[in-house]
Amino acid sequence: MDLFFWEIARASGLAAYAALCISVLSGLAPRTQALSFLANNRAVRALHDWTPWIVIPAALVHIVALLLDATARIGILDVFVPFLTSYGQLAIGLGTISVDLLIVVLVTTWLRRRFSNNAWQWWHRVSYLGFGTMFLHAMLSGTDLTSPVISVLSWASAIGIAYYALERLGKALNPTRVRT
């Protein structure tokens, strides 16, 4: 039975990772110089708005499957408090942090009307850190990255997100930029 839960955990973890990649890329790329033409594309906007509805259940299934897998030895506290596990503390702790950050981004998005736009944008940018911790979690604990297809897709999405995030950061830090 543990093999069943392990396979469910693997599949749902990959699904959550893929959906988060799509969500971050579809939110980030249209706000960059190279892909700014996508900024008014309703399909890209809808993709960004709806992919969290894939991330949430996939992440929940991933967590529940690991909780039910006796071999994984993951407890409820491990789901919310990082670095408590008896093995793989860094890898599993990074997964815990990514879940915690995902929760922060989702809650602040749902409460967006209560924040100023500037405050909400800063909270929303936590998703970059959430993606980074999820990527590292996948790299350190994921067994599927031995597959060339999954590895290439994972690295390509991470490189794309890093590139566009750095482009946006460079634009934000540019002292010659005039704010209107």
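All of the numbers you see were taken from the coordinates with simple rules; none came from a lab. As the structure is a prediction and not an experimental result, all values here were calculated from the model. Neighbour counts run over all protein chains shown; Cβ positions are idealised from the backbone, glycine included.
Since only 9, 166, 146 are under comparison, the one whose Cα sits farthest along the positive direction of the charge dipole of the chain, derived from C-beta charges on Lys, Arg, Asp and Glu, is 166.
For the chain, a crude dipole built from +1 on the beta carbon of Lys and Arg and -1 on the beta carbon of Asp and Glu, taken about the Cα centre, is about 1100 debye to the nearest 20. For the chain, hydrophobic long helices are taken as DSSP H runs at least 27 Å long by C-alpha position along their axis with mean Kyte-Doolittle hydropathy of 0.5 or more; these are 2-28, 89-110, 148-173. Counting charges near residue 28 (Lys, Arg +1; Asp, Glu -1) among other residues having Cβ under 13 Å from its Cβ returns a value of +4.
The helix-based estimate of mean residue ellipticity at 222 nm for the chain, built from -39,500 (n - 2.57) per DSSP H run of four or more residues and divided by its residue count, is -24000 deg cm²/dmol to the nearest 500. Look at the Cα gyration tensor of region 47-165: its axes a ≥ b ≥ c give a/c of at least 1.5 with a/b at or below b/c, and that counts as oblate.
Only one residue of 93, 105, 121 has its Cα farthest out toward the positive end of the dipole of the chain, where Lys and Arg carry +1 and Asp and Glu -1 on Cβ, and that residue is 121.
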